[in-house]
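S.K.: Okay, handing you the structure first.
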Amino acid sequence: MAEAKVADFFQPTCQGYLLRILVVPGARRTEVAGQHGDRLKVRVAAPPEKGRANQELLNFLADLLKVPRAALHLVLGGTSRAKVVAVHDLSPEVGFRLRKLLPPD
């Protein structure tokens, strides 16, 4: 049952994964804050100005998933809190790390 909940925020593709994320900019620190509907909620410590929050999000995800920053691309939501990020990495370790982002129920 917990597996279905975790899988809600990401979807495998032929090139890697698509992540649905809700970003809360201007937080005290950058961290995963749980799940909000079908999205992973991430607080970022950067303000939502000049793309800083987007860059902070992508850098945070790269560190968290242990993939190169170049493997992450903002697909949708450049000026919105609701974003879609593509992870271009097919390794099974990335899928495992995605599943571990949320605690089990």
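S.K.: Placing +1 at every Lys and Arg Cβ and -1 at every Asp and Glu Cβ, with all other atoms neutral, what dipole size does the chain have around its Cα centre, in debye to the nearest 20?
M.R.: In total the dipole reaches around 320 debye.
S.K.: Next question. Which whole-Hz ³J(HN,Hα) couplings does the stretch 61-69 yield from phi under the Karplus relation 6.51 cos²θ - 1.76 cosθ + 1.60, θ = phi - 60°, glycine and proline marked x?
M.R.: Those phi angles translate into 5, 4, 5, 5, 8, 6, 10, x, 4 Hz.
S.K.: From the phi angles alone, apply the Karplus equation (6.51, -1.76, 1.60; θ = phi - 60°) to the stretch 91-98 and give each ³J(HN,Hα) in whole Hz, x where the residue is Gly or Pro.
M.R.: The phi angles translate into 5, x, 4, 5, x, 5, 5, 5 Hz.
S.K.: For the chain, take the alpha-carbon Rg, divide it by the Kirkwood Rh, and send me Rg/Rh.
M.R.: My calculation of the ratio gives 0.93.
S.K.: Can you pull the one-decimal nm distance between simple spin-label points at residue 84 and residue 69, each 7 Å off the Cα toward Cβ?
M.R.: Modelled inter-label distance: 2.5 nm.
S.K.: Can you list residues from other chains, or at least 5 along the same chain, whose modelled amide H is less than 5 Å from the amide H of residue 41?
M.R.: Those qualifying (amide H under 5 Å, at least 5 residues apart or on another chain) are 22, 33, 34, 35, 36.
S.K.: Sticking with this structure for a sec: What is the distance, in nm, between label points placed 7 Å from the Cα along the Cα-to-Cβ direction at residue 99 and at residue 15?
M.R.: Each label point is offset 7 Å from its Cα along the Cβ direction, giving 2.5 nm.
Each reported figure results from applying straightforward, stated rules to the coordinates on display, with no laboratory input. Keep in mind the model is a prediction, meaning the values are calculated, not measured. Reconstructed Cβ throughout: ideal geometry from the backbone, glycine too, with neighbour counts over all protein chains shown.
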